[in-house]
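The values are calculated or read from the model by the stated rules, or taken from the named source; none is laboratory data. None of these values were measured; they are calculated from a predicted model. Cβ: placed from backbone, ideal geometry, glycine included. Neighbour counts: every protein chain shown.
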Amino acid sequence: MTTSDLEQRIARLEAIEAIKQLKHAYFRCVDTANLEELGTLFHDDVKVRFKGGGYEWNLDGREEYVNN
C-alpha cells in the first residue's frame, strides 16, 4: 500500500464519519424539535421532498423547511 492509497482511505473514512455525525445531528434535532440547530445543518437552497402513503410534502429552501 502506498502513501497515496493510505491518504485516500483516510480521507474516505473521514468523509464517512462526517456523514454519520451530520445524520446524528439531523435526527437529534428532529427528535427534540430543535429547529434553530436544524437550520444550521442545511444549505440555503435545500430542497426537501417527503413522500409516503397518502401524503407528499415539498419544501424549497432552508427557511421554508425550518418554518414549517
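Give the residue that is farthest from Cys29 (Cα to Cα), with candidates limited to residues of the stretch 46-68 that are in a strand (DSSP E or B) and aliphatic (A, V, I, L, M).
If we take residues in the stretch 46-68 being in a strand (DSSP E or B) and aliphatic (A, V, I, L, M), then Leu59 is farthest from Cys29 (Cα to Cα).
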### Query
Could you list, in sequence order, the residues of the stretch 1-45 that are outside any helix (DSSP H, G or I) and not small (Gly, Ala, Ser)?
Met1, Thr2, Asn34, Thr40, Leu41, Phe42, His43, Asp44, Asp45
### Task
Starting from the stretch 1-23, take each residue that is more than 20 Å from His43 (Cβ to Cβ) and list its partners that are modelled with pLDDT under 95 and exposed (fewer than 10 other Cβ atoms within 10 Å of the Cβ), counting only C-beta distances under 9 angstrom and pairs at least six apart or across chains.
Arg9/Met1
### Query
So which residues in the stretch 37-62 are over 20 Å from Ile19 (Cα atoms) and either in contact with a Lys or Arg (Cβ under 9 Å, 6 or more places away or on another chain) or in contact (Cβ under 8 Å) with a residue 24 or more places away in the chain (or both), if there are any at all?
Glu56, Trp57, Asn58, Leu59, Asp60, Gly61
